[in-house]
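Everything below concerns the one structure shown next.
The values are calculated or read from the model by the stated rules, or taken from the named source; none is laboratory data. Keep in mind that this is a model prediction, so the values were computed, not measured. Cβ: placed from backbone, ideal geometry, glycine included. Neighbour counts: every protein chain shown.
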C-alpha cells in the first residue's frame, strides 16, 4: 500500500519534464497513477461515458499530459479501476481496486499542484544556472 509521500514522489518522477509524457511501464507505478486519476469519480454511482471522459480529460490537463482521455479510460478498464456495463453506456468506479493501491480511504494527491511545483523548481534551477553562467 502507498503513502502520500510515496505517491507524491512517484508523480514528481513521472512529471520531471513538467508534463506526463507517457503512461508508466512499471505495473505498480501504472496502478498508482490510474488509482489517483480515478479520484475524480464518485463511488457507487453510474457514470455516463461523457462524464468519465470529462473527469479524465480534466485530470490529464492538470498534469499537462501528452496522453488522451480515451487511452486513459481504456487502460483504467483494462486494469480494473473502472467497470462498465455490457453495452458500454455506463461506467462504475471499482473502489476496491483503488483502495487496494491507495488504501481506504484512498489517498488524495493534487497532481496538478505537484506538476506546478516541478515546473517551478525547473525554472528556478534554470535561472540559477543562467545567473552562474553570467548569461
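Scoring residue 46 on the criteria (1) within 19 Å of residue 2 (Cβ to Cβ); (2) surrounded by 12 or more Cβ atoms within 10 Å (Cβ to Cβ); (3) touching a residue at least 40 places away in the same chain (Cβ under 8 Å) leaves a single failure, condition (1). Only one of the listed residues (100, 80) is in contact with a helix residue (DSSP H, G or I) (Cβ under 9 Å, 6 or more places away or on another chain) and in a loop (DSSP other than H, G, I, E, B). That residue is 80.
Among the conditions (1) on the phi < 0 side of the Ramachandran plot; (2) touching a helix residue (DSSP H, G or I) at 6+ places or on another chain (Cβ under 7 Å); (3) not in a helix (DSSP H, G or I), the only one that residue 17 does not satisfy is (2). Being surrounded by fewer than 19 Cβ atoms within 10 Å (Cβ to Cβ) and in contact with a strand residue (DSSP E or B) (Cβ under 8 Å, 6 or more places away or on another chain), is that true of even one residue in region 66-77? Looking through region 66-77, at least one residue is surrounded by fewer than 19 Cβ atoms within 10 Å (Cβ to Cβ) and in contact with a strand residue (DSSP E or B) (Cβ under 8 Å, 6 or more places away or on another chain). Consider residue 98 carefully, then state whether it is crowded, with 19+ Cβ neighbours inside 10 Å and touching a residue at least 40 places away in the same chain (Cβ under 8 Å). Here the answer is yes, as residue 98 does meet what is asked.
Which of the residues belonging to region 105-121 are assigned to a helix (DSSP H, G or I), loosely packed, with under 14 Cβ neighbours inside 10 Å and over 13 Å from the mean Cα position of the chain (by Cα)? Residues satisfying the conditions are 120, 121. Against the list (1) under 10 Å from the mean Cα position of the chain (by Cα); (2) over 15 Å from residue 112 (Cα atoms), the condition residue 33 fails is (2). Being at pLDDT 90 or above and under 27 Å from residue 125 (Cβ atoms) holds for only one residue in 69, 29, and it is 29.
Hey, does region 19-40 have a residue that's farther than 16 Å from residue 2 by Cα and in contact with a strand residue (DSSP E or B) (Cβ under 8 Å, 6 or more places away or on another chain)? Checked against the condition, which is being farther than 16 Å from residue 2 by Cα and in contact with a strand residue (DSSP E or B) (Cβ under 8 Å, 6 or more places away or on another chain), region 19-40 yields no hits at all. Restricting attention to region 62-77, the residues that are assigned to a helix (DSSP H, G or I), touching a residue at least 24 places away in the same chain (Cβ under 8 Å) and farther than 20 Å from residue 27 by Cβ add up to 1.
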